[in-house]
Amino acid sequence: MYDVILQNPEFVKAWSYYKDYLTEKGARFKSDAAENDQLEKLFELSGESAERAIEILNITMRNGYTQL
């Protein structure tokens with residue numbers, strides 16, 4: 001379902017940055033399934049928009065959150 005945003009190079013870059021951010025915060029995805037759950041949640045929150053998904057990731061990191 002969220003494969004659409006994974007085809008966007010800017011989103012892929014932002015997602016990678018978010019995963020690095022989580023590691024720096026001492027958090028990480030415990031499994032591939034957990035990462036997939038977060039991608040699906042982000043896809044739903046963004047209204048299926050890669051640009052909006054990137055904005056959500058940026059807001060999450062700017063506020064110091066480790067969960068979407």
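What follows is calculated from the coordinates using simple rules that are stated; it is not laboratory data. All values derive from a computational prediction rather than experimental measurement. Don't worry about glycine lacking a Cβ; one is built from the backbone with ideal geometry, like all the others, and counts go over all protein chains shown.
Okay, here's what the table says:
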{"item": "Residue among Ala33, Ala27, Ala53 that is under 12 Å from the mean Cα position of the chain (by Cα) and hydrophobic (A, V, I, L, M, F, W, C)", "result": "Ala53"}
{"item": "Cross-chain or 6+ apart pairs with Cβ under 7 Å, the stretch 48-65 first and closer than 17 Å to Lys13 by Cβ, then of a type in the set (Asp, Glu) and surrounded by fewer than 16 Cβ atoms within 10 Å (Cβ to Cβ)", "result": "Ala50/Glu10; Ile54/Glu10"}
